[in-house]
Amino acid sequence: MERANFGSKIGAILAAAGSAVGLGNIWRFPYEAGNHGGAAFILIYLGCVCLLGLPIMIAEFTVGRRSKASTGKAYSILAPDTQWKWIGYLGVLAGALILGYYSVVAGWTLEYIVEALGNGFAGKGAEDFVASFQSFSQDPVRPLVWLVVFLLATHFIVVKGVKKGIERSAKILMPMLFILILILAVCSMTLPNAGKGLEFLLKPDFSKVDQDVFLGAMGQAFFSLSLGMGCLSTYASYFGSETKLGKTALSVGVIDTFVAILAGFIIFPAAFSVGIQPDAGPSLIFITLPNVFQQAFGAIPYLPMLFSVMFYVLLALAALTSTISMHEVVTAFLNEQFGLSRSKAAVIVTSFCMILGVASSLSLGIWSEYTLFGLGCFDFLDFLTAKIMLPLGGLLVAVFVAWYLKRSVSYDEVTNYGLQKAPYFPVYMFILKYIAPVAIAMIFINELGWI
Ligand code: TRP
């Protein structure tokens, strides 16, 4: 059977960008930027994306397209009879674990869409939003229903396959997302007092920069660009021979960064406008934004509702294209490794993630006393994947491509067998060989608190 491919170069770019753009950009980026002083963090983040994110993305693309296999099998093909295959297995496991708890937060966006549609935010104040978020996220039933709905949506798109499912949904969802996010950013920036938020975003305060900011920005870059678990390497296995790896990586990096920064332009002007602190943390989106919309546009009936609905729809769409990419990694692995049909493989993945998701969701409420290393299931999965498995995966991919694979393999992939010029090639290899491994090792060590 001929291996599935994305039907076009733009389809490949949008699918990869769909994976990268997600809760990481719209929820995590503003919160990290807010905690680390705004503009200075953003500048360092940009440096990390260019210097580390893009080379590692090209390395993942190289592995995927060269092997024409999902990350679970790619290393056994490129390096037969070696232990490198563990990079692939690590990635598959990380994908399933991330999907388990990421879908919980993704499910919350659905609750907020429905709540907003029923005009449920009307007439509420800041404390009400805190209380209703807490009672919702700790509820033993409601979040589970949304989790299941979200996973089923992901499931059916993945089962539809690469061209009809992933590529088509990315082609529709990504442009919708850009339009929505642009409208919201413009509205937010025209609120009274929005100037303070803009200043926070644009005027760097370097006195706040310490090692923590630098390492935080690097970690955010990997999470946001979907690096370190073979997600983009699996997508690259569907790239056609004409897709240019460097250009695709650049496009994905630009789109992902653009969305993250625009999310900042939505959230900070709006937050400053109603006097909410920028370092309010992870609750920023689920607690303060409905409040912001309410206070900012409350004078006009139904306008806050409209904005809330748009915002949470956007968040749900962004999360959906990301959950699809994680699901695909595990589904493709079961399909290729064990010969299961795609639909059978997907059923296994969905069921597994539902169990993990239920445990993660309940760990925020009635199961909060069950802990592992002092963390509930949700926090434990987040810690294990984002803080341990992703940095390790990124480091290993860089080492594998730069030190194990022949240089000519990388050259052939990056230049499409000499058809394309790639003047950046020596710089790319140098970064991959020396700079990236050292820098990632530093994030890793720092996050585990060894220094
Ligand atoms: N990058 C996505 C986001 O910003 C999340 C994501 C999808 C991811 N696939 C991944 C993160 C693989 C790490 C690894 O929300």
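Derivation of every value follows stated rules applied to the coordinates shown; laboratory data play no part. Model, not experiment: these values are computed from the prediction. Glycine gets a Cβ as well: all are built from the backbone with ideal geometry, and neighbour counts include every protein chain shown.
Observations
- Phi-based couplings in Hz for the stretch 52-66 (Karplus 6.51, -1.76, 1.60; Gly and Pro marked x): 10, x, 5, x, 5, 5, 4, 4, 5, 4, 4, 4, x, 6, 5
- A Cβ-based charge dipole, computed about the Cα centre of the chain with Lys and Arg at +1 and Asp and Glu at -1, lands at about 1580 debye.
- Across the options Ser408, Pro391, Leu381, the greatest Cα extent toward the positive end of the charge dipole of the stretch 370-451 (unit charges at beta carbon of Lys, Arg, Asp, Glu) belongs to Ser408.
- Averaging Cα coordinates gives a centre for the stretch 282-348 and one for the stretch 205-242; these two points are 20 Å apart.
- Across the stretch 231-248, rounded Karplus estimates of 3J(HN,Hα) from the backbone phi angles (6.51 cos²θ - 1.76 cosθ + 1.60, θ = phi - 60°) give 5, 6, 6, 5, 4, 5, 5, 9, 5, x, 5, 8, 5, 8, 5, x, 5, 5 Hz, Gly and Pro being marked x.
- For the chain, the longest site-free run once GluC sites (Glu not before Pro) in DSSP loop states with at most 13 other Cβ atoms within 10 Å are removed: 3-241
- Förster radius 41 Å - calculated FRET efficiency between Val141 and Lys171, Cβ distance, rounded to 0.05: 0.70
- Divide the volume of the convex hull around the Cα atoms of the chain by the residue count and you get 138 Å³ per residue.
- MRE, 222 nm, helices only [DSSP H, n ≥ 4, -39500 (n - 2.57), over the chain, to nearest 500]: -22000 deg cm²/dmol
- Global form of the stretch 299-379, assessed from the alpha-carbon gyration tensor, a/c cut-off 1.5: oblate
- Of the trypsin sites (Lys or Arg not before Pro) found in the stretch 365-419, those in coil by DSSP whose Cβ has at most 11 other Cβ atoms within 10 Å are Lys406.
- In the stretch 379-451, chymotrypsin sites (Phe, Trp or Tyr not before Pro) in a DSSP loop with at most 14 other beta-carbon atoms within 10 Å: Tyr417, Trp450
- The local environment of Val145, defined by Cβ-Cβ distances under 14 Å, has a net charge of -2 under the rule Lys, Arg +1 and Asp, Glu -1.
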